[in-house]
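Read through the structure below, which is laid out as structure tokens, and then see the notes.
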Amino acid sequence: MSVLLAGLLLVGCSQTSSPAPSQAAQAPAAQAPPPPMTSMQPSQPGAAGGQYEEPPVVNVADLLPATPLSGQGYTVLPQAPTNGAMGQYTIVADPSVFHDDAGTYYVESLDMLKIRLSEIPAIAQLDSMSNSSVFAKSLVTSAVRPVGAAANMVMHPMDTVTGLPSGVGDLFGRVSMGAGEIASSATNSFGSEKAAGQAGNATLTALGYDQVRRQLAHELHVDPYSSDPILTKKLNHVAWVMFSARMTVSAAMMAVPGSMIITAVTVTNDLVYQTPRADLIILVQKKLKSFGLSQEEIVAFTTNTAIPLSLQVDAVKNLEALGNIPGRRAAAVDIGNMMTEYQARFLVTSLHMLAQWGQQSSPITRIYAPGVLIAHDQNRNTILPAPVDYLSWTPRIAGFATDPQLMAQHNRVLWITGKMTPLAHQQLTANGWNVHEGQ
């Protein structure tokens with residue numbers, strides 16, 4: 001079978017309100033809005049396991065019990081349809097914070113929803129900073145370095161994926177336990193734009209702008225390389241004025257009356273904040289070369305805008321943690337071929353889960369990359385890490401779970417980070433899977 005690699009605020013999301021005034025801030029129509037909310041449908045006859053079920057609508061609060069679903073500038077609709085593996089979440093962005101970018105956004109993974117919600121307080125803080133009197137004075141001082149020039153530094157991660165569905169479910173489209181490499185199912189056309197953007201940043205990095213921007217992102221607890229175009233636009237603007245006016249991050253933060261609670265979500269690590277962008281790119285390139293990737297494969301990985309730079313760093317760190325095992329190169333190539341950030345994050349999180357398994361249970365001895373990642377450990381377990389939101393027994397999932405190549409493997413473990421329907425649990429267990437739920 002062949003892998004189908006086609007698949008707030010945000011990459012792979014669509015906005016239904018009035019468009020933003022600038023292309024850099026505008027969310028694209030990457031797919032149609034989620035289907036209408038429907039209740040759980042009765043299971044249907046099916047070849048695999050005897051019956052299938054309609055993916056249910058779930059309460060978002062049940063999946064994110066400790067996360068507020070509304071706050072300054074946003075509301076998350078309380079229910080979300082699922083598609084067999086992932087949820088489809090709706091964020092309503094309020095004009096009080098988002099202004100011309102206000103509207104309805106769709107996010108198609110729980111991990112991405114957490115990230116986007118963590119970015120909203122930062123967007124509000126940046127908006128308040130832009131309107132402060134101290135910032136207004138700095139804006140005048142910075143006139144010798146026009147703020148408009150910052151537009152040249154804005155990446156457009158949305159443009160290259162417009163029209164593509166998220167496609168996380170499609171990663172379950174085939175099973176291949178052979179040794180063959182994974183080839184891209186589409187031409188990678190991401191390179192020219194991102195390479196140009198990186199080259200254009202070289203002078204600004206030398207002048208110190210990059211450091212100011214990273215420090216500001218760190219203070220706001222957000223990823224400096226986030227694919228969120230709204231956050232990117234505001235972060236670029238404020239950092240540029242601060243840099244131009246020689247304004248420190250601490251002074252800029254103190255310019256806003258009162259304090260705001262920034263939602264803490266682990267979206268990156270200290271290395272990303274402390275290391276210049278160019279050095280991070282070189283780090284990723286060197287790691288990929290050590291894994292055995294060709295120069296062409298390294299370029300495809302590092303210039304793929306579906307993989308933010310911070311996620312690239314996480315990917316190579318997790319691959320390194322697994323050690324020099326068979327299949328590591330194929331996994332790196334597979335990630336480099338992903339078409340959307342949803343897919344890339346799914347695989348990088350899967351790598352992290354395997355590294356965690358190796359440290360806490362039994363070392364991983366081999367990894368396969370047939371779309372999703374499958375691994376063997378020293379105890380002869382077959383581990384399938386699946387950072388899904390809500391698994392249900394659909395024809396695609398049933399076909400994958402009962403594939404003869406997988407069924408032939410001993411001690412099969414399915415480890416999901418989210419939840420699953422009772423039918424999915426019943427059928428997986430009946431087909432010999434040892435199911436682990438939760439982190």
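Considering only protein heavy atoms and a 1.4 Å probe, what is the carbon-and-sulfur percentage of the accessible area of region 270-328?
Details: 1200 of 2390 Å².
Taking all protein chains in place, region 270-328 shows 50 percent carbon and sulfur surface.
Summing Lys, Arg as +1 and Asp, Glu as -1, what charge do residues with Cβ under 10 Å from the Cβ of residue 362 carry, residue 362 excluded? Intermediate values should be presented prior to the final figure.
Working: positive: 380; negative: 377.
Once positives and negatives cancel, what remains is 0.
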Next on the checklist: Please compare each pair in 114/233; 233/317; 114/287; 234/289; 233/287 to a cut-off of 32 Å on the Cα-Cα distance and tell me which ones are over it.
Outcome noted: 234/289
Checklist entry - How big is the accessible area of residue 286 in square angstrom, nearest 10, if you roll a 1.4 angstrom probe over the protein chains? => result 140
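Can you figure out the FRET efficiency of residue 59 with residue 278, using R₀ = 56 Å and their beta-carbon distance, to the nearest 0.05? Don't skip to the end; give the middle numbers.
On the way: r = 45 Å, r/R0 = 0.80.
Given R0 = 56 Å and the Cβ-Cβ separation, E is 0.80.
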Checklist outcome for this item: Of all DSSP beta bridges having both residues in region 358-439, the percent classed as antiparallel (nearest 5) is 35
Next on the checklist: If DNA, RNA and ligands are ignored and the probe is 1.4 Å, what is the ranking of 352, 425, 376 by accessible area, most exposed first?
Outcome noted: 352, 425, 376
Next on the checklist: Quick check for me: using +1 on Lys/Arg Cβ and -1 on Asp/Glu Cβ, what's the dipole size of region 288-389 about its Cα centre, in debye to the nearest 20?
Outcome noted: 280
Item to check | Ratio of Rg to Rh over region 55-107 (Cα coordinates, Kirkwood Rh, two decimals) | outcome: 1.02
Checklist entry - What fraction of the Cα pairs in region 309-377, stated in percent, has a spacing above 19 angstrom? => result 21
Checklist entry - So how far apart, in nm, are the two label points at residue 246 and residue 130 if each is 7 Å from Cα heading toward Cβ? => result 2.6
Checklist outcome for this item: Distribution output for region 273-319: share of Cα-Cα pairs per 10 Å bin in percent, first bin at 0, values 28, 63, 9
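Probe radius 1.4 Å, ligands and nucleic acids left out: which of 402, 340 has the largest accessible area, and how do the rest follow?
Details: 402 40, 340 5 Å².
Of 402, 340, the descending order of accessible area is 402, 340.
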Next on the checklist: What's the whole-number percent of alpha carbon pairs in region 367-418 lying beyond 11 angstrom?
Outcome noted: 73
Next on the checklist: Please list log₁₀ I(q)/I(0) at q = 0.14, 0.19, 0.21 Å⁻¹ for region 322-439, using the Debye equation with identical point scatterers on the alpha-carbon positions.
Outcome noted: -0.56, -1.07, -1.30
Next on the checklist: With a 1.4 Å probe and all protein chains left in place, how much accessible area per residue does region 278-419 have, in Å²?
Outcome noted: 33
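The values are calculated or read from the model by the stated rules, or taken from the named source; none is laboratory data. Since this is a predicted model, take the numbers as computed values, not measurements. In this analysis, Cβ positions are derived from the backbone assuming ideal geometry, glycine residues included, and neighbour counts consider all displayed protein chains. Accessible surface is based on the protein model in full, side chains and every heavy atom, while ligands, DNA and RNA are left aside. Shrake-Rupley method; radii C 1.70, N 1.55, O 1.52, S 1.80 Å.
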